[in-house]
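The values are calculated or read from the model by the stated rules, or taken from the named source; none is laboratory data. Keep in mind it's a predicted model, so treat the numbers as computed, not measured. All Cβ positions, glycine included, derive from the backbone under ideal geometry; neighbour counts span all protein chains shown. Just the protein is used for accessible areas: all its heavy atoms, side chains included, with ligands, DNA and RNA removed. Shrake-Rupley method; radii C 1.70, N 1.55, O 1.52, S 1.80 Å.
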Amino acid sequence: MSDESITRIAFVTGGSRGIGLACAEALLAAGHTVIVGSRSEPASLPDGIHWVACDVTDTASVDAAFSTIEADHGPATIVVANAGITRDTLLLRMGEDDFTDVVDANLTGTWRIAKRAIRPMMKARWGRLVLMSSVVGAAGQVGQANYAASKAGLVGLGRSLAREFASRNVTVNLVAPGPIATDMLAALDESTTQAIVDTVPLGRVGQAHEVAATVAFLTSEPAGYITGAVIPVDGGLGMGA
């Protein structure tokens, strides 16, 4: 059996909807066993995708999620750290909890996932870890100082891990989406959405499956010589950032 045809265990945090669910579907289509994690169980999931409770702000919950996956399916050697939150507001209105909670969920939460995920990958001497950053991590955004800081921090985290575990054949890469058609974007009014579209060189918002396609490639065997990369999926919005 070739490496390309091996069925691996894939875990996607924040995988019950939006970009995370699209990543889960792409990994399932690639032939992997796929488990998604979220704090609450989704009402429904596509056939073939499994669910496990996982709160990335709680170390015990993260450990329990991985332990359940290992007991039911085997060790996850593909992990997509996608879970995150936003609390957008201007700096002068931003409370300390607004800042620290976002950093804890998005940056420290990803660190918790990576720390628990890496040992089975090292043992297998094969692993794919993908961290979900954002175009605003490099470019910044009004009203998103907390979110941008957390997503920028992921770049330093991911590249450090890429160097740390390269000798074990574990790759660590980041995907940096721009404005993507998700529930978060749908909550904005039409004029705000149009203002965002006007800044994108390709003149449209992206689709979740376009982010997922990038994740699917980065977790594949042919992507084995890519590590420490930040791949933008942003319609050109972050060029030069």
(message) With the structure loaded, tell me whether Ser134 is in contact (Cβ under 8 Å) with a residue 12 or more places away in the chain, within 26 Å of Thr89 (Cα to Cα), open to solvent by less than 30 Å² (accessible area, probe 1.4 Å) and part of a loop (DSSP other than H, G, I, E, B) or whether it fails that test.
(response) yes
(message) I'm trying to understand the selection: among the residues of the stretch 204-235, which are over 19 Å from Gly18 (Cα atoms) and over 16 Å from the mean Cα position of the chain (by Cα)?
(response) Glu221, Pro222, Ala223, Gly224, Tyr225, Ile226
(message) For the stretch 25-56, give me the residue count where each residue is open to solvent by 60 Å² or more (accessible area, probe 1.4 Å), part of a loop (DSSP other than H, G, I, E, B) and not hydroxyl-bearing (Ser, Thr, Tyr).
(response) 4
(message) So Pro232 passes all but one of these: (1) open to solvent by less than 20 Å² (accessible area, probe 1.4 Å); (2) in a strand (DSSP E or B). Which condition number does it fail?
(response) (1)
(request) For the stretch 57-76, indicate whether the set of residues that are in a strand (DSSP E or B) and open to solvent by less than 70 Å² (accessible area, probe 1.4 Å) is non-empty. (result) no
(message) Take the residues in the stretch 86-108 that are over 16 Å from Ala152 (Cβ atoms) and of a type in the set (A, V, I, L, M, F, W, C); name whichever of them is surrounded by the fewest Cβ atoms within 10 Å (Cβ to Cβ).
(response) Leu92
(message) Suppose we filter Thr86, Thr59, Thr108 for residues that are in contact with a Lys or Arg (Cβ under 6 Å, 6 or more places away or on another chain) and touching a residue at least 40 places away in the same chain (Cβ under 8 Å); which single one remains?
(response) Thr59
(request) Among residues belonging to the stretch 1-24 that are aliphatic (A, V, I, L, M) and outside any helix (DSSP H, G or I), point out the one that is modelled with the lowest pLDDT. (result) Met1
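Quick check on my filter: what residues within the stretch 138-155 are open to solvent by less than 20 Å² (accessible area, probe 1.4 Å) and touching a Gly at 6+ places or on another chain (Cβ under 9 Å)?
Those that are open to solvent by less than 20 Å² (accessible area, probe 1.4 Å) and touching a Gly at 6+ places or on another chain (Cβ under 9 Å): Ala148, Ser150, Lys151, Leu154.
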(request) With respect to Val172, determine if the residue is surrounded by 14 or more Cβ atoms within 10 Å (Cβ to Cβ) and either in contact with a His (Cβ under 6 Å, 6 or more places away or on another chain) or over 21 Å from Pro75 (Cα atoms) (or both). (result) no
